[in-house]
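Beneath this line is the structure, given in structure tokens, with notes to follow.
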Amino acid sequence: MTESLRELEFEYGRFSWREIGQGPSLVLLHGWSMSHAVFAELADLLAADFRLLIPDLPGHGASAPVEPYIPCSLSSFAQILALWLKNLEVQQVDLLGWSLGGQVALQFAAIFPQRVRKLLLISTTPRFCAGDDWSAGLPTKELRALRRRLKSRYLATMGEFFDLQFQGEALSAERRREILQFAVRPVGLPTPEAALSTLGILEQEDLRPLLGSIGRQVLVVHGENDQIVPFAAGQYLTANLPHARLVSLPDIGHAPFLSYPERLAANVRDFCR
């Protein structure tokens, strides 16, 4: 897949993406520590119906990290996406975000509502860390422990995080190897510095105050067995976004488009009609 990557140069460095298919524009935004490659199967299933634009978020894949030139934040990521789409002369898109990519998608829809037609949020939360008024998140002490493990044993910790996405599912060893082969190995992991920088977004950002301003139709897809973003976060999004509906997936974890790609592709097609 890397041979089909396209590139732009921004003030902070390179921004890369994969483009495939024909039809209405659909942007796919990956999660933390991943790249455009994680959507390889889903893209093949959707390419007959959409013009798929699949970027590497800053600091991931072949895209350069934004720091120290500009802050690493959901807002800066959204601004970069807007510049990228303007360069492509794409006026409006359907926007699918997974995990961190879902948070970027929410931020983009809040800042640039006219650029979004419909919004799809896969395994997304408005706030990753738990707090006094937010129980549907990872305790801050656990996120800080993750940061320490990334600094001391980076590759092993990334492997553990990958497996956590499928915990509780009946994922065979063969399927795990297959996913690694197309979703991770062709591009590789971000540098430890970039991964830790982007982890700061998950630690600090809270999108709950923005939800009421997002007036687009939203499809929330969430696995009931998600061990990274609790199912309650998807329920909260559905209740607090003005025009949202929830597709709940029993016995599925954090990456439903990898666990059941055909089912997820059908959800996308039906919603984006």
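Here are the numbers for the structure shown:
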read-out: Estimated inter-spin distance, Ser135 and Arg208, nm [label 7 Å along Cα→Cβ]; value: 1.3 nm
read-out: Set of lysines with alpha-carbon distance to Lys118 below 23 Å, sequence-local pairs under 8 removed; value: Lys86
read-out: Whole-angstrom gap from segment 135-154 to segment 181-257, using each part's C-alpha centre; value: 17 Å
read-out: Overall form of segment 185-273 per C-alpha gyration tensor (a/c, 1.5; a/b vs b/c); value: oblate
read-out: Length gained when the stretch Gln235-Ala170 is fully extended (0.36 nm per residue, less Cα-Cα span); value: 21.0 nm
read-out: GNM top mover of Ser135, Ser73, Ser35 - the chain, alpha-carbon springs below 10 Å; value: Ser135
read-out: Highest to lowest packing among 157-170, 43-56, scored as the average C-beta count within 10 Å; value: 43-56, 157-170
read-out: Segment 10-74, relative contact order in percent, only Cα pairs under 8 angstrom and at least six apart counted; value: 45 percent
read-out: Whole-number accessible area per residue in Å² for the chain, which is evaluated in the context of all protein chains at 1.4 Å; value: 42 Å²
read-out: Built amide H within the under 5 Å cut-off of Lys118, gap 5+; value: Asp94, Leu95
read-out: Equivalent ellipsoid, the chain (semi-axes from 5 times Cα gyration tensor eigenvalues, Å); value: 23, 22, 21
read-out: For segment 40-188, size of Cβ-based charge dipole, Lys and Arg +1, Asp and Glu -1, in debye; value: 440 debye
read-out: GluC sites (Glu not before Pro) restricted to segment 1-72 and DSSP loop, no more than 11 other C-beta within 10 Å; value: Glu11
read-out: Segments 60-68, 26-34 sorted - mean Cβ within 10 Å per residue, highest first; value: 26-34, 60-68
read-out: Largest to smallest accessible area among Thr125, Thr191 [probe 1.4 Å]; value: Thr191, Thr125
read-out: Kirkwood hydrodynamic radius of segment 1-59, Cα pairs, Å; value: 11.8 Å
read-out: With every protein chain in place, the chain: carbon and sulfur % of accessible area (1.4 Å); value: 48 percent
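The values are calculated or read from the model by the stated rules, or taken from the named source; none is laboratory data. Given the structure is predicted, the values throughout are model-derived calculations rather than measurements. With ideal geometry, Cβ positions are generated from the backbone for all residues, glycine too; neighbour counts draw on all protein chains shown. Surface areas here come from the heavy atoms of the whole protein model, side chains and all, with no ligands, DNA or RNA. Shrake-Rupley method; radii C 1.70, N 1.55, O 1.52, S 1.80 Å.
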